[in-house]
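Participant: Take a look at the following structure, please.
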Amino acid sequence: MNLEAIKSIYFFEMARTRRTLLQSVVSPVISTSLYFIVFGAAVGSRIQEIDGVSYGAFITPGLIMLTLLTQCIGNGSFGIYFPKFTGTIYELLSSPVSMTEIVLGYVGAAATKGMMIGIIILGTASLFVDLSIAHPFVMLLFFVLTAVTFSLFGFIIGIWAKDFEQLNLIPMLVIPPLVFLGGSFYSVNMLPPFWQAVSHFNPVLYLISGFRWSFFEIADVNPVVSFAIIIVFLAVLMGLLTWIFRTGYRLRN
């Protein structure tokens, strides 16, 4: 394996974070602070606790997932789309670098940046509410798997997208509603039976539920099921990416 190629791609992508510090770091922190201020004041005053957990603490895993998903997809998609846009992707494809090395470099950088922001959001949340993590290892497992899976998802979106409109379609218009409707700010058990059933078709529900269980040992879905959903989604994405590189889908003229 060409480690130098992986390191070159990885550090090149990581350097972009330093150049866009306001957008990459400051903006998510401000957004999270506003969520706590607005939801804590408007909703938290009416909903004191959910399943024995204060409302502010209850929404923290959902806010972290919202940020993690959008950041990983955005970084993963832009990282590979920009070389396509400028035409430098052909230099990369013609170089002695394998598919695995390309993916490890781009996806690894996107996942790292997403996890960095997620940790910052966790630190920001601790300024507003008292947090305790019941199962740190499980939390870390969900955290890393989600970051890698959705960075890979973003990488595929970046290959698929033909323009900037398509590039932003899923991260901006699809993921936020799925997160909001996936139990970020409430428990799906609070919904009528029909909408509870509908919510279980939302894949993000399983991510948030499993992640929240690692904090408070409360979940809308069995955490084992949540873990299985992530693994299945990751396997599907890896299979799809293998097909893309074998066929050259939207990578070669």
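Participant: Mind checking whether some residue in region 188-203 is crowded, with 16+ Cβ neighbours inside 10 Å, closer than 30 Å to W243 by Cα and either touching a strand residue (DSSP E or B) at 6+ places or on another chain (Cβ under 7 Å) or of a type in the set (A, V, I, L, M) (or both)?
Facilitator: Checked against the condition, which is being crowded, with 16+ Cβ neighbours inside 10 Å, closer than 30 Å to W243 by Cα and either touching a strand residue (DSSP E or B) at 6+ places or on another chain (Cβ under 7 Å) or of a type in the set (A, V, I, L, M) (or both), region 188-203 yields no hits at all.
Participant: Further question on the same structure: Any residue in region 102-113 that's at pLDDT below 95 and of a type outside the set (S, T, Y): show its pairings with residues that are crowded, with 20+ Cβ neighbours inside 10 Å and outside any helix (DSSP H, G or I) at Cβ separation under 7 Å, as long as the two are six or more apart or on different chains.
Facilitator: Partner pairs satisfying both residue conditions: none exist.
Participant: Could you list, ordered by first residue, the pairs with Cβ atoms under 6 Å in which the first is in region 33-48 and within 15 Å of S184 (Cα to Cα) and at pLDDT 75 or above and the second is outside any loop (DSSP other than H, G, I, E, B) and not small (G, A, S), at least 6 apart or interchain?
Facilitator: As it stands, the answer is Y35/L63, since those pairs meet every condition given.
Participant: Next up: Any chance you could count how many residues in region 121-169 are under 15 Å from the mean Cα position of the chain (by Cα), aromatic (F, W, Y) and over 25 Å from Y35 (Cα atoms)?
Facilitator: Matching residues across region 121-169 total 2.
Participant: Go through region 174-183 residue by residue and tally those that are closer than 19 Å to T32 by Cα and either touching a Cys at 6+ places or on another chain (Cβ under 8 Å) or assigned to a helix (DSSP H, G or I) (or both).
Facilitator: Final tally of qualifying residues: 6.
Participant: Just need a number here: residues in region 106-138 that are over 25 Å from Y55 (Cβ atoms) and surrounded by fewer than 23 Cβ atoms within 10 Å (Cβ to Cβ). Let's see the steps before the verdict.
Facilitator: Here is the first cut: in region 106-138, the residues over 25 Å from Y55 (Cβ atoms) are 106-116, 137.
This time we only want the ones that are surrounded by fewer than 23 Cβ atoms within 10 Å (Cβ to Cβ), so: 108, 112, 115-116, 137.
So the answer is 5.
Participant: I want to confirm something. Restricting to region 139-155 and keeping residues that are β-branched (V, I, T) and buried (at least 18 other Cβ atoms within 10 Å of the Cβ), which single residue is farthest from I102 (Cα to Cα)? Working first, answer last.
Facilitator: Initially, region 139-155 is screened for residues β-branched (V, I, T), giving 144, 146, 148-149.
Those left that are additionally buried (at least 18 other Cβ atoms within 10 Å of the Cβ): 146, 148-149.
Numbers: T146: 20, V148: 14, T149: 16 Å.
Only one residue fits best here, namely T146.
The values are calculated or read from the model by the stated rules, or taken from the named source; none is laboratory data. Not measured: the values here are computed from a predicted model. We place every Cβ from the backbone using ideal geometry, glycine too, and count neighbours over all the protein chains shown.
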